[in-house]
Structures are given as C-alpha cells and as structure tokens.
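J.: Structure provided below as structure tokens; questions to follow.
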Amino acid sequence: MRQRNTGAFERGKSPTPRPDDRETATVVPPSGALTPTNALTPTNALALQRTAGNAAVNALVARQPVAIQRAVVSVGNVSFANINSGDAAFAAKADRILQLLSANPSITTFLNGRAATITLEHRVTETPAEVIDRGTGPVDVRLAAFYFEDYDVGYIAGMLAHEFGIHPMAATNDTLEIEEFLRDGDHQVPGLDEGRTMNASTAKQADHIMGVLPISPRYKIYKNLALEMAKQLLDQTFANPEAAPAADVTGLLDCFLMDVASIAATNDNRLAGAGLSDAAATARADIARVYNHYLTLITDDPGLNALVVPWLPGQKTPKAVTDDFLLLGRRVIAAGANKYNYFHKSSISNR
Ligand SMILES: [Zn+2]
C-alpha cells in the first residue's frame, strides 16, 4: 500500500525546488476535501483522552479508514482537479506536469488565457486519456488514475502531448482544410514495405491517422509539441536532476514514438499488437520498424534541441514492443481490480 497521510499538501514539501521566476503551484482544497472519519471527532477524541488517555486516542486514530484527499493543484491556468495531495510522490509528479504544461509555448498559445483542467478518473477499458474542448470555457482532460500513478512523468507528458497536440490544438480551419485532401488517400506507412498503407477514412479515428502522417499539419503540431516538451523536461533535469531524471525525456519521446508507430502500423487498430497470435506478433514487429523510422525523422528534425539528442530513445526491437504491451496490460488489469480507484476520488462522476 502506498504511504498516505492526512496532512494538507504544503508547497514547501515538494522535492522540486523552483527558481523564483517560475509560478508556484497553488492548492485549493475543495469543500469536504478530507473525508470525515466516522468515529473520530474532536469531541469524542477529547472524551476518550479524558477517560482512557492518549494511547486510546492513538489506537483509535490507527483504526480509522484512510482519509481520501482531493485537492485542486494549479500552476498558472492549468490544474489537476483531484490529486491525492497527501502522497508526496503524487504531489511532486502533478507539480512537474503542471510546470511543464503551463510553461509550454504551444499550449499557452492554444489556451489563449483559458483554463485546462486534468481530472483523474477510474478508467480501465477506455483509452487512458481523452480531451473535451467545447471551444469556450476550460479544456477538460480526463486521465486514467492508474496511468498517472504507474507511469513516470515522461510517459504522462507524452500521453498529454497526444491529447492536446492531436486533438484540440490541431483542430484549426487551416488543418481541416488540408485534411480534406488527405483524408481519403492510401498513405504509405513510414518504415514499412511499399504498398503498406494507412487511410484516415477507414480508420477508427481519422484524426489519429492525420496525427501520424508526416506530411499532415496535425502530425507537425503533435511532433512539435512533443519536441518542445522534451526540451522542457530536460530543463527540469538541469534544475534538479534528482527530482527530475533525464530518463523522463527519453520516456516522453518513447511514448510519442510508440503512439505514432502503433497508430501508423495498424491503421489505428492498436490492439492488433496485443495477444499471442502470429498476427499480433507480426503487428508488433511492424510497430518496431515504424518506430525506428519515426525515430530517424525526429532525429533529423530541426525542432529537436541539440541538448536532447543524447536522451533520444534507442532503436526499438519487437521484443521491446511486446514488453511495452505486457506492461500496459498488467497495469490495466490492476486498474480493473480497482486497485487505484480510491486514490483520487473524481470530482466528476466516473463514466
Ligand atoms: Zn486520441
């Protein structure tokens, strides 16, 4: 079980020091942030202390159900709606992600002063994240609690780069106009043999195909965002290598490359790579080849900061793709067993 305590989230306890010019996170405990414990009230604790002494009070405290904490944690106009702020590791993770998103140039331009709120949910069978942008009001991001808890900051950032970069940030008139011309075409899958194609009009989500097609503006927006974030994560490492390991830079780029490769290699039927069948094994081998092709694309991209180069992921083998699927599968199964549900009670009813 994870270590929890009932203390309020205090900024000073975060292991990530920040230069003074950065914004600091603000924590707004919502009403009812602490779940009241049934038996332990100030009145009966005092009564017990009078009659049975401190040891009895301590014993009662030890028997209390774990308090569920929900805190809104914000940096600038980006927030987590329901962090279990009693857990220092979660609080630090949330803080690094908020620092990243709120300072990102592309996201700042896209939000144009609007707020973005990330809500952790008990999601298992759905995709680990989704974004809802109604055009006005805050941008609403839903993220699986298990993904937040189990994956390192780089992978969470990569997941959020997909949510912002492939979806609302790319939904501009210019992008949509160009996509009209690309939508029905059979496009060569980068890295696979001639004739292996992807097609937005037959894929589950057309915008996913457009988000991985190198000539499409949607891909460029997504890729640029991922490369910007890579440099930002590296800056976090420079500021505090202990709290922000450079492995997160690699993790973010690995997440990006796995995402684009698995969409492109399977025409957005990403589950094709899961399972024990020969077809699934072939799909994973394809994903590895496509991954390595996109790796060369981003290595040659002028938007890749030279300082990030040493932290690019290495070539992907089919075995490594299998391991990624197995890891995700294990974590999804654990999430299905409800292991995560109580850490961050959603402020929005789970769907
Ligand atoms: Zn998507």
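Each value in this text was obtained by applying a stated rule to the coordinates, not by laboratory testing. Computed from a prediction, not measured in an experiment: that's the story for all the values here.
J.: Could you derive backbone 3J(HN,Hα) for region 184-197 from the dihedral phi with the Karplus parameters 6.51, -1.76 and 1.60 (θ = phi - 60°), listing whole Hz in sequence and x where the residue is Gly or Pro?
T.: 8, x, 8, 9, 3, 6, x, x, 9, 4, 3, x, 7, 10
J.: Quick one: what do you get for region 207-304 if you divide its Cα Rg by 2.2 N^0.38 Å?
T.: The value comes to 1.18.
J.: OK, next. Would you grab the residues whose amide H sits under 5 Å from the one on Glu121? Only those 5+ places off in sequence or on another chain, please, with H modelled 1.01 Å from N.
T.: Leu143, Ala144, Ala145
J.: While we're here: What residues have an amide H closer than 5 Å to that of Val189, excluding those fewer than 5 places away on the same chain, when H is modeled at 1.01 Å from N in the peptide plane?
T.: Answer set, sorted by chain and number: Arg196, Thr197, Met198.
J.: Send over the semi-axes of region 153-336's equivalent ellipsoid, whole angstrom and largest first, taken as the square roots of 5 times the C-alpha gyration tensor eigenvalues.
T.: 25, 21, 15
J.: Could you give me the ³J(HN,Hα) list for region 110-120, computed from phi with Karplus coefficients 6.51, -1.76, 1.60 and θ = phi - 60°, whole Hz, x at Gly and Pro?
T.: My calculation for region 110-120 gives 5, 5, 6, x, 6, 8, 10, 10, 9, 10, 7 Hz in order.
J.: For Lys316, what residues show an amide H to amide H distance below 5 Å, using hydrogens built from the backbone and excluding near sequence neighbours?
T.: It is Asn292, by chain and number.
J.: Straight-line reach only, C-alpha to C-alpha below 16 angstrom: list the aspartates and glutamates that Lys319 could link to, leaving out same-chain residues fewer than 8 apart.
T.: Asp254, Asp278, Asp286
J.: Step through the residues of region 262-279 one at a time and calculate ³J(HN,Hα) from phi using the Karplus curve (6.51 cos²θ - 1.76 cosθ + 1.60, θ = phi - 60°), rounding each to whole Hz and writing x for Gly and Pro.
T.: Per residue, the Karplus-derived 3J(HN,Hα) values read 6, 5, 5, 6, 10, 6, 6, 10, 5, 5, 4, x, 9, x, 9, 5, 4, 4 Hz.
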